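Step one of this worksheet: look at the structure below.
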Amino acid sequence: MKRLLNIDASPRGDRSHSRRLSREFVEALQQPASQETIVYRDVGRQPVPPVTEQWIAAAFTPLPRRTPEMCEVLRLSDELVDELVLADTLVIGVPMYNFGIPASFKAYVDQIVRVGRTFLFEPEDPERPYKPLLKDKPAFVIVATGDAGYEAGGPLAELNHVDPYLRTIFGFIGITDLRFVHVGNDEFGGAKLEASLRRAREELARFARCEQALEAENSPA
């Protein structure tokens, strides 16, 4: 049975384009006869807490030496990491805030990038002390922006710190197959926004068809 992890990072509800498009894409990925399990995590409207001194002390204490209190401090982080490890596909909806990711999504990232869980630190290997622990998997990232042109090759691409950061941080733990879809012009609205939404939906539809064809090809006869 395949597992899909859908993460939304926008605090907006029905007005969120990233949230709406991620929901539509998840629905498009599901096939009538599929045995797919959908796990949903809303860090935009139900944010996870930032790391604390107690969290850091617990995370860097070897498991055999952790106290029950330390285990409780890491309980949510362990849950989030387990969701990520078990997922076969990721669908992430994230808005751009001031050219980067929202604080709520950064808090999520800080909870899942864990030494001993999602990466290894081996200082005795000076050439490669950091080693990813996660299996690679397709991650579809829907980025919503107020203006347009932040995608690779666009006129505002140099201001986009969402795509490169997510490529870096997810690649650090082993997930390198990231595919970005941008929807822009939220601040302009009207025809510009509708055209951007149409292009994003067309791109997501192509991704969905490719994923369904790949799944059918790999399914036992």
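The values are calculated or read from the model by the stated rules, or taken from the named source; none is laboratory data. Source: prediction; values computed, not measured. Note: areas computed on protein heavy atoms with side chains; ligands, DNA, RNA excluded. Shrake-Rupley method; radii C 1.70, N 1.55, O 1.52, S 1.80 Å.
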Gaussian network model of the chain, Cα within-10 Å springs - most flexible of ALA191, ALA59, ALA144: ALA191
Heavy-atom accessible area order for GLU36, GLU127, largest first, 1.4 Å probe: GLU127, GLU36
Relative contact order (percent, whole number), region 1-120, Cα cutoff 8 Å, 6+ residue spacing: 40 percent
Coordinate range along principal axes, alpha carbons of region 1-95, Å, largest first: 47, 32, 14
Accessible surface of region 50-127, 1.4 Å probe, proportion on carbon and sulfur as whole %: 60 percent
Accessible area in the full protein assembly, largest first, 1.4 Å probe, for LYS192, LYS137, LYS106, LYS131: LYS192, LYS106, LYS131, LYS137
Theoretical ellipticity at 222 nm over the chain - DSSP helices of four or more residues, -39500 (n - 2.57) apiece, nearest 500: -12500 deg cm²/dmol
Gaussian network model of the chain, springs between alpha carbon atoms under 10 Å - residue of GLN46, GLN111, GLN54 with greatest fluctuation: GLN54
Accessible surface, 1.4 Å probe, highest first, among residues THR89, THR168: THR168, THR89
Values of log10 I(q)/I(0), in the order q = 0.09 Å⁻¹, for the chain under a Debye, Cα-only, solvent-free model: -0.40
